[in-house]
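See below for the structure under consideration.
What follows draws every value from the coordinates through simple rules; no lab data is involved. Not measured: the values here are computed from a predicted model. Because the Cβ atoms are built from the backbone with ideal geometry, glycine has one as well, and the counts that use them run over all protein chains shown.
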Amino acid sequence: MSTATTVLIIDDDRDFVLAIGGLLASAGYDVHSAANGRDGLSLAKSLQPDLILLDVIMTERTEGFFTLQQMRATPALRKTPVIVVSSIYADQPFFKVSPEAGWLPASLFLPKPVDPARLLREIARLTAAPAPPAAEMPHTGSAGQ
């Protein structure tokens, strides 16, 4: 990538941020992070990332939902792809939202733990960045980097 695709991770789980941030950085992405919705929204406004990974349950149970709605109300972020990556599906298995639902305008919803290969493919698809070939995918072992 001549100009690295910028990804913003908004998640309060430090281990997740380190693991996924390391995965993305080793795949050539420029990675930034924020630990809550308020800081994430502020950073997104100034950084204008190419894609955002957003958790749902942070300081408050629905913080990610409100953060996403605020992003969509911000002209500069309205069309930024957002992948909601959350354990809410494990905690609340009946909770399923389709991106077409309209009330929660995310580009994609992925459950935690997230499949690293799928995450890389989806980020590449949503940003039109080339996905790393399977043989070149970074090792995704320990989160303690």
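Semi-axes of the equivalent ellipsoid for region 6-127, please: Cα gyration tensor eigenvalues, times 5, square-rooted, ordered largest first, whole Å. Intermediate values should be presented prior to the final figure.
Details: eigenvalues 68, 59, 41 Å².
Ellipsoid semi-axes (Å, largest first): 18, 17, 14.
One decimal place: the segment R38-A117 gains 25.5 nm when fully extended, by the rule 0.36 nm per residue minus the C-alpha distance. Among residues other than H32 with Cβ under 13 Å from its Cβ, the summed charge is -3 (Lys and Arg +1, Asp and Glu -1).
Rounded to the nearest 0.05, the FRET efficiency derived from the C-beta distance between A4 and Q70 at R0 = 30 Å is 0.70.
Positive contributions from Lys and Arg (+1) and negative ones from Asp and Glu (-1), summed over other residues with Cβ under 13 Å from the Cβ of F16, come out at -3.
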